[in-house]
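For reference, the structure discussed in these notes is given below.
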Amino acid sequence: VDGVLAVINDTVITREQMREFVAPAIDGLQREYAGQPEAVFQQKLTGVINDGLEQLVERQLILHAFDTEGYRMPDSYLDEMVQERIRDRYGDRVTLMKTLQAQGETLEQFREDVRDQAIESYMRSKNVAQEIVISPFKIETYYQAHTNDFKLEDEVSLRMITLNKTGSDDTDTVKLAREIRSQILAGAAFADMAAIYSQDSLRSQGGDRGWIERSVLRPELADAAFALQPGQVSDVIETPNTCYLLLVEQKRPAHVKPLNEVRNEIEQNLRAQEQTRLQKQWIDRLKAKTFILYF
């Protein structure tokens, strides 16, 4: 019933431990793939289980390294972390104890989980360089090799007024939209009219959508917006449920983002890749000097 999945030195990982570890991920899979073919769900489930087992193995490797390399965690420090975890996640000790009881866990198991997680975090931080330096040359090389990732479509800087109809035969909303358009053409500021009349979440921003690509908008709105010139207001655009008014403030053609706009994004990506590479090297070194047996 509770078979052994792996042995790391003298530590055993059981099937029950695996089930508990991956349970939240499996719950997410069941919601995400509800209604999908069973074969698709089973494929994803296998991936989650395999990943979960590797994470549990890695944790045991790291805990073993912590002990064998002479590190120690003072009880006072662990006590502080336990209290902090209780405050952050449970509010108080009474709520924690009720939760543990419902889950069939003990306070000692909870304390051990906090210790193990803290050790894992500390050892990963210590053994994977945090201050990784990414040279300008690497950033520029990455940019040149991935220009397609930074391409933008034609864009418009757009403001929008949204009026919701009460039904498909609602003529009052259409009439109101036309009156608003007439006031704008007569000199009223589009942003002020949006703040007064628009019925969407950007009303307080004067209907400002910022820069938008064609693919972001529904087809009838995209066709109207990209046919306008800067400063022009659209006719009333009707859909079965809504009336729209659009104002294009600026336009810019399709282009590749310049390097100065994406430099930080590239640097973060390269740093994350390097951290992943260094972490794998460290885990591989731990595996090479550890007895590991999978079942």
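At a glance:
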quantity: In segment 12-30, residue modelled with the lowest pLDDT [restricted to those that are of a type in the set (S, T, N, Q) and touching a Leu at 6+ places or on another chain (Cβ under 8 Å)]; calculated: Q17
quantity: Breaking point among (1) part of a loop (DSSP other than H, G, I, E, B); (2) modelled with pLDDT of 95 or more; (3) out of contact with any strand residue (DSSP E or B) (no Cβ under 7 Å at 6 or more places or on another chain), for P240; calculated: (2)
quantity: Pairs, first touching a residue at least 40 places away in the same chain (Cβ under 8 Å) and under 16 Å from V156 (Cβ atoms) in segment 184-208, second part of a loop (DSSP other than H, G, I, E, B) and of a type in the set (S, T, N, Q), C-beta under 8 Å, six or more apart; calculated: G207/S198
quantity: Failed item, numbered, when E220 is tested on (1) of a type in the set (D, E); (2) free of Cβ contacts under 8 Å to residues at least 60 places away in the same chain; (3) open to solvent by 80 Å² or more (accessible area, probe 1.4 Å); calculated: (3)
quantity: Identity of the residue in segment 24-55, under 20 Å from the mean Cα position of the chain (by Cα) and of a type in the set (A, V, I, L, M, F, W, C), that ends up nearest to D284 (Cα to Cα); calculated: V48
quantity: Subset of segment 136-183 [open to solvent by less than 40 Å² (accessible area, probe 1.4 Å), small (G, A, S) and assigned to a loop (DSSP other than H, G, I, E, B)]; calculated: G167
quantity: Number of the exception - I283 against (1) among the β-branched types (V, I, T); (2) surrounded by fewer than 16 Cβ atoms within 10 Å (Cβ to Cβ); (3) under 30 Å from H64 (Cβ atoms); calculated: (2)
quantity: Residue within segment 99-111 that is open to solvent by 60 Å² or more (accessible area, probe 1.4 Å), assigned to a helix (DSSP H, G or I) and among the aromatic types (F, W, Y) present; calculated: no
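The values are calculated or read from the model by the stated rules, or taken from the named source; none is laboratory data. Note that the structure is a prediction, hence the values are computed from the model and not measured. Note: ideal-geometry Cβ built from the backbone for every residue, glycine included; neighbour counts use all protein chains shown. Accessible surface is based on the protein model in full, side chains and every heavy atom, while ligands, DNA and RNA are left aside. Shrake-Rupley method; radii C 1.70, N 1.55, O 1.52, S 1.80 Å.
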